[in-house]
Amino acid sequence: MMAKRLSSLHPVDEEAERLLRNLGTGEIVSVEIHRPRNVQFHRRFFAMLKIILDNQSFYKSMDDLLDVTKLSIGHCRTVQTKGGSVKIPSSISFAAMDEVAFEDFYDRAVVWVCEEVIPGLERRTLDEEVKAALLGFGESA
């Protein structure tokens, strides 16, 4: 793990320090940047799904709503079978998505909810409900 200070990256743990020590001066390396996922944001998404599940009558379980959300916003892969193509929901696990990707996923999910699941629901209203739900669980939103 690294942290940005001014215009350079600095190690924040022993593993990162070891990796930098093993580099030669002037050695060019390729670096991938991933922002670690925020568990609070992940909880926020599931609090939103719970609110949606409780305020509609079509979807019968959280798993169904989660899968349909993924499929509806295109967070899926298509598999060809003898009978045609099948869409399979993709993972939103911490290993599968960094924070930037999850923020995009969340934003697309909110738009879908407000336009398709509960048409006319304003994002601000949904955000307030999610915040209240998280505070009810003793968490910060």
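Listing for the model above:
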quantity: Leading residue by the ranking (nearest to Arg35 (Cα to Cα)) among those in the range 91-110 that are of a type in the set (A, V, I, L, M) and either touching a strand residue (DSSP E or B) at 6+ places or on another chain (Cβ under 7 Å) or loosely packed, with under 15 Cβ neighbours inside 10 Å (or both); calculated: Val100
quantity: Qualifying residue in the range 40-49 (condition: in contact (Cβ under 8 Å) with a residue 24 or more places away in the chain, farther than 30 Å from Lys4 by Cα and of a type in the set (A, V, I, L, M, F, W, C)); calculated: yes
quantity: Evaluation of Glu27 against (1) more than 30 Å from His10 (Cα to Cα); (2) of a type in the set (D, E, K, R); (3) assigned by TED's automatic domain parsing to the domain that holds Ala3 (one fails), failing number; calculated: (1)
quantity: Looking only at the range 35-90, and only at residues there that are within 19 Å of the chain's Cα centre (by Cα) and of a type in the set (Gly, Ala, Ser), the one that is surrounded by the most Cβ atoms within 10 Å (Cβ to Cβ); calculated: Ala47
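Residue-wise test of (1) basic (Lys, Arg); (2) in contact with a helix residue (DSSP H, G or I) (Cβ under 6 Å, 6 or more places away or on another chain); (3) farther than 18 Å from Asp54 by Cα; (4) at pLDDT 95 or above.
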site: Pro89; (1), (2), (3), (4): no, yes, yes, yes
site: Phe94; (1), (2), (3), (4): no, no, yes, no
site: Asp98; (1), (2), (3), (4): no, no, yes, no
site: Phe105; (1), (2), (3), (4): no, no, yes, yes
site: Thr125; (1), (2), (3), (4): no, no, no, yes
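The values are calculated or read from the model by the stated rules, or taken from the named source; none is laboratory data. Fair warning: this is a prediction, and the values are worked out from it, not measured in the lab. Reconstructed Cβ throughout: ideal geometry from the backbone, glycine too, with neighbour counts over all protein chains shown.
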